[in-house]
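**Student:** This is the structure I want to talk about, given as structure tokens.
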Amino acid sequence: MKKTLSQKSLLMTLSVLISISLLILTLLGACSKQKDVNQVGVLHWWTSGGEAAALNVLKEDLEGKGVAWEDIAVAGGGGEQAMTALRARVAAGDSPTAVQMLGFDIVEWAQEGVLADLNTVANENNWDTVIPLALQKFAKYDGKWISAPVNVHSVNWVWGNKAIFDELGLSPPQTWDEFIAAAKKIKKAGYIPIAHGGQAWQEATVFDSLVYSVGGIDFYTRAMIDLDPAAINSKEMQTVFNRLRDIRDLVDPNFPGRDWNLATAMVIEGKAGMQIMGDWAKGEFIKANQVPDEDFLCFRFPGTQEAVIFNSDQFVMFEIEANRRNAQNLMAVSIMDPVFQSAFNVVKGSVPARVDVPDDDFDDCGKKAMAQLTAANNNNTMVGSFAHGHASPAAVKNAMYDVITQFFNSDQSSQAAAQALTDAVGLAVQ
Ligand code: GAL
């Protein structure tokens, strides 16, 4: 059908408009490529009082350098929920600038080929000389730095309420038998012996210490790192489950589902005598203005005094558009700055990832932790925490979580639990 003059002029006008808008978009696009985005989007699970206070040290540090902070908080201790949210974001093509991540999760993301290459800033700042090899094992992949380790936490701690210990004439128990005797004395006095949060990762955190306390570095390595079926399905592992059953009998009836920091609050408030938890718990005591050896006690889980069962929080840097990389590199360099590493870890309850940070600003628990890390590193008694992703990949870790929490919430026998753990690991490693 012939087009009228008015239809022809309309089409002409439209095509001119479209080409002008395309030209504008192209120019805008070209400009935006040059304009850096001075903002970082950070995915993390630090939502408790102490964790948020520590994170604020990083936020304020970056904001002071002109870098805005987009907070992508995903609550859930231990980070499982955060890792699920991360997978969804990356699948949607919306990678954060940086992500709090642990151990083998970092390796698995590196294998996907979606992480940034930080070697330029790493070499400019000599990260290879100041970060322990135990952390570099996870912070580097294929010779490239892909994340910035901010701390070293350890899980084999017990946190005690000083007033309850003093009232009952208790000192920090050094053996399993002393630990049980102290717990029973606390119970008899009307306090909750062990504050616990009934979540799989928390039971797993206790399990870390139990395995080491029963069989030392050799058994822990064979069972939790080598995943040797003969070590997992053993009399020692049955003893581990026996002791986990003893602990189950020392927690209060309202433990199911309780968040870890609410359990810590029970010790802070004098409702419970002890909590078995990583030293992120110390961040809660600090946030509550409590002082070591005056208000609370920090001591190694009995039988693990020689060990540091560690997990390091790292900020993994994802590959992102070129105009966001300057902010990303500035964040990585800021995280690795020794002054920042002291300021952050003093609040977080952990110790610096760098070995060259003085302990001047740390409290007695922090000083103790730093000295013990150096000793454990030198004596080869520093091992990766299974519960926090530093002993085996997530598939194995999560399979073990399921068996351990099933045991804790049932009357399953220790023998059956050891067999179930062996079977679960056997399936997970296939
Ligand atoms: C750990 C993490 C700590 C703390 C804790 C409780 O895995 O390393 O920084 O967040 O979980 O959520």
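**Student:** Which one of these does SER32 not meet: (1) at pLDDT below 95; (2) exposed (fewer than 12 other Cβ atoms within 10 Å of the Cβ)?
**Tutor:** (2)
This table checks each residue for (1) more than 16 Å from the ligand (Cβ to nearest atom); (2) in a strand (DSSP E or B).
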residue	(1), (2)
MET274	yes, yes
LYS282	no, no
PHE285	no, no
GLN290	yes, no
GLU294	yes, no
PHE299	yes, yes
THR304	yes, no
PHE310	no, yes
VAL316	no, yes
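**Student:** Follow-up question, since we're still on this one. Taking segment 245-271 on its own, how many of its residues are in a helix (DSSP H, G or I), open to solvent by 50 Å² or more (accessible area, probe 1.4 Å) and within 13 Å of the ligand (Cβ to nearest atom)?
**Tutor:** 1
**Student:** Sticking with this structure for a sec: Out of everything in segment 141-163 that is surrounded by fewer than 22 Cβ atoms within 10 Å (Cβ to Cβ) and in contact with a Leu (Cβ under 8 Å, 6 or more places away or on another chain), what residue ends up being farthest from ALA332 (Cα to Cα)? Steps first, answer last, please.
**Tutor:** Going through segment 141-163, the residues surrounded by fewer than 22 Cβ atoms within 10 Å (Cβ to Cβ) turn out to be 141-144, 162-163.
Of the ones still in play, those that are also in contact with a Leu (Cβ under 8 Å, 6 or more places away or on another chain) are 141, 144, 162.
Numbers: TYR141: 16, LYS144: 14, LYS162: 39 Å.
Here the residue is LYS162.
**Student:** Out of all the residues in segment 275-284, which are closer than 16 Å to LYS368 by Cα and either surrounded by fewer than 24 Cβ atoms within 10 Å (Cβ to Cβ) or touching a strand residue (DSSP E or B) at 6+ places or on another chain (Cβ under 7 Å) (or both)?
**Tutor:** GLY278, ASP279, TRP280, ALA281, LYS282
**Student:** Also, quick follow-up: Mind counting the residues in segment 117-138 that are open to solvent by 10 Å² or more (accessible area, probe 1.4 Å) and small (Gly, Ala, Ser)?
**Tutor:** 1
**Student:** Looking only at residues that are outside any helix (DSSP H, G or I), open to solvent by 30 Å² or more (accessible area, probe 1.4 Å) and in contact with a Gly (Cβ under 8 Å, 6 or more places away or on another chain) in segment 171-220, which one is farthest from LEU262 (Cα to Cα)?
**Tutor:** Per the stated criteria, the residue is THR175.
**Student:** Let me ask you something else. Here is a check on your reading of the model: is VAL42 within 16 Å of the ligand (Cβ to nearest atom), more than 20 Å from PHE340 (Cα to Cα), at pLDDT 95 or above and not basic (Lys, Arg)? Walk me through it before giving the result.
**Tutor:** Values: within 16 Å of the ligand (Cβ to nearest atom): yes; more than 20 Å from PHE340 (Cα to Cα): no; at pLDDT 95 or above: yes; not basic (Lys, Arg): yes.
Spelling it out, it is not the case that VAL42 is within 16 Å of the ligand (Cβ to nearest atom), more than 20 Å from PHE340 (Cα to Cα), at pLDDT 95 or above and not basic (Lys, Arg).
**Student:** Might you let me know whether segment 367-378 holds any residue that is more than 16 Å from the ligand (Cβ to nearest atom), open to solvent by 50 Å² or more (accessible area, probe 1.4 Å) and within 23 Å of LEU86 (Cβ to Cβ)? Don't jump to the end; show me each part of the working.
**Tutor:** So in segment 367-378, the residues more than 16 Å from the ligand (Cβ to nearest atom) come out as 367-368, 370-372, 374-378.
Within this subset, residues satisfying the condition of being open to solvent by 50 Å² or more (accessible area, probe 1.4 Å) are 367-368, 371, 374, 377-378.
If we keep only those that are within 23 Å of LEU86 (Cβ to Cβ) too, we end up with none.
No, segment 367-378 contains no residue that is more than 16 Å from the ligand (Cβ to nearest atom), open to solvent by 50 Å² or more (accessible area, probe 1.4 Å) and within 23 Å of LEU86 (Cβ to Cβ).
**Student:** (1) touching a residue at least 40 places away in the same chain (Cβ under 8 Å); (2) open to solvent by 20 Å² or more (accessible area, probe 1.4 Å); (3) not hydroxyl-bearing (Ser, Thr, Tyr): which one isn't true of VAL308, the others all being true?
**Tutor:** (2)
The values are calculated or read from the model by the stated rules, or taken from the named source; none is laboratory data. Source: prediction; values computed, not measured. Cβ coordinates were reconstructed from backbone atoms using ideal geometry, including for glycine residues, and neighbour counts include every protein chain displayed. Areas reflect the complete protein model, heavy atoms only, side chains present, ligands, DNA and RNA absent. Shrake-Rupley method; radii C 1.70, N 1.55, O 1.52, S 1.80 Å.
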